[in-house]
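Scroll down for the structure; my scribbles are underneath it.
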Amino acid sequence: MQKYGPYFRELRQSKNVTLAELAADTGLTEGFISRFERGQSDITVSRFTALLNALNVAIEEFLLGMREATMAPNEREDYPLVRARKMMPFMAPYLAISEVEDDSQIQSYIASAEAAYRAKPTRKNHFIWLFYQSMNAILQKPIDNDGLVRIQAPIMHYLQQVDNWGVYECYLFIAFTPALAPAMTVQLLRIGLKRSRFLKHSPSFEQIDLQLSVAALTSLMARAEMTAAVQVMKMMNGLERRNANRVIATGFFNGWLQIKLGKRDAGIATCEYAVQQCSDLGLTEWANRFNEILNSLKKTPPTDTIFLYAQF
């Protein structure tokens, strides 16, 4: 935990708290705290927690602030992916696909994933290999549906059988939504929403139910699978509306679906209202993102967007 020291000092100074005050509140010596802040001394979890409590800072708040403080400017522009990579290093192979622009580039990913699986035939390595194969099948014109059916089977079986969906299972589903058959997408979403409920108690993953639903919905709409998309929207509308972000996002996706169903004017009005709500609440980043999507939907033909790793 030595690496936390320099940012802790920065945070302490920003709150105008002295070493003497921290020492008095925690029982730790000023010298010990100073060495920790300079990265010269490690610290136990209990002592670090005591220091954070003395600053009136929650551990989640500290970790989030530290991540942002250590980001390069270019990383801030793609924060959801950067955040996901840092919080979930085990999902890195799935996130790497965001940098692939065409099917020719993905061949090297498939080859390296296959080599890793042959060398160490674990389920984890198998799923990564299947993931790259599924993305390759989607990029084919026409789509290789027979290949997708074969690829999907182990993923579907695993997600159906596992008792609880942790972060890995949730993001595994999200990663595969562009490749899953419509009926299976709906079925797995129902399972996932039920089996991942415990995650909502974590500040880092409390929006996972909305993320699962949005990935499923936008993947289905991109493939014009509207019957299944309507089913998913009903599930999304039934989710807890715990904050303004969720309410506004849900409204925007309802409008998006209206547009895809041919109710263009009503859908555009619904989306525009959501964008205005974001602006009124100072949610500038989301106002810009939603407006960008809305403009793409107004085009002829409209441009489809799939939300996979969005943070609400």
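A few comments on the model shown:
- Of all residues making up the stretch 227-239, the number that are surrounded by fewer than 18 Cβ atoms within 10 Å (Cβ to Cβ) and under 18 Å from the mean Cα position of the chain (by Cα): 1
- Number of positions in the stretch 270-287 that are surrounded by 13 or more Cβ atoms within 10 Å (Cβ to Cβ) and part of a helix (DSSP H, G or I): 12
- The condition of being of a type in the set (A, V, I, L, M, F, W, C), touching a residue at least 24 places away in the same chain (Cβ under 8 Å) and over 16 Å from Ala222 (Cβ atoms) holds for only one of Ala269, Ala274, Ala287, that being Ala274.
- Total residues in the stretch 115-138, condition surrounded by fewer than 16 Cβ atoms within 10 Å (Cβ to Cβ) and either in contact with a Ser or Thr (Cβ under 9 Å, 6 or more places away or on another chain) or free of Cβ contacts under 8 Å to residues at least 24 places away in the same chain (or both): 6
- Residue match in the stretch 39-51 (condition: at pLDDT 90 or above, of a type in the set (Lys, Arg), within 33 Å of the chain's Cα centre (by Cα) and over 27 Å from Met88 (Cα atoms)): no
- Any chance Tyr109 is surrounded by 12 or more Cβ atoms within 10 Å (Cβ to Cβ), under 24 Å from the mean Cα position of the chain (by Cα) and not assigned by TED's automatic domain parsing to the domain that holds Ala216: yes
- Just one of the numbered conditions (1) over 18 Å from Leu308 (Cα atoms); (2) outside the structural domain of Asn254 (by TED's automatic domain parsing); (3) assigned to a helix (DSSP H, G or I); (4) among the aliphatic types (A, V, I, L, M) is not true of Val230: (2).
- Residues located in the stretch 181-209, provided they are outside any helix (DSSP H, G or I) and modelled with pLDDT of 90 or more: Ala181, Ser196, Gln207
- Residue list for the stretch 4-37, restricted to those being touching a Gly at 6+ places or on another chain (Cβ under 7 Å) and either outside the structural domain of Met66 (by TED's automatic domain parsing) or among the small types (Gly, Ala, Ser) (or both): Gly5
- Where a residue in the stretch 50-67 is more than 18 Å from Pro6 (Cβ to Cβ) and its partner, wherever it lies, is hydroxyl-bearing (Ser, Thr, Tyr) and surrounded by fewer than 15 Cβ atoms within 10 Å (Cβ to Cβ), with Cβ under 9 Å and at least six apart: Glu60/Ser202
- Just one of (1) modelled with pLDDT of 95 or more; (2) surrounded by fewer than 21 Cβ atoms within 10 Å (Cβ to Cβ) fails for Leu212. It is (2).
- Qualifying residue in the stretch 151-170 (condition: in a helix (DSSP H, G or I), outside the structural domain of Ser196 (by TED's automatic domain parsing), of a type in the set (S, T, N, Q) and over 25 Å from Gln187 (Cβ atoms)): no
- Gln40 surrounded by fewer than 15 Cβ atoms within 10 Å (Cβ to Cβ) and either not in a helix (DSSP H, G or I) or not assigned by TED's automatic domain parsing to the domain that holds Met66 (or both): yes
The values are calculated or read from the model by the stated rules, or taken from the named source; none is laboratory data. As the structure is a computational prediction, the values presented were derived from the model and not from experiment. For neighbour counting, all protein chains shown are included, and Cβ atoms are generated from backbone atoms with ideal geometry for every residue, glycine included.
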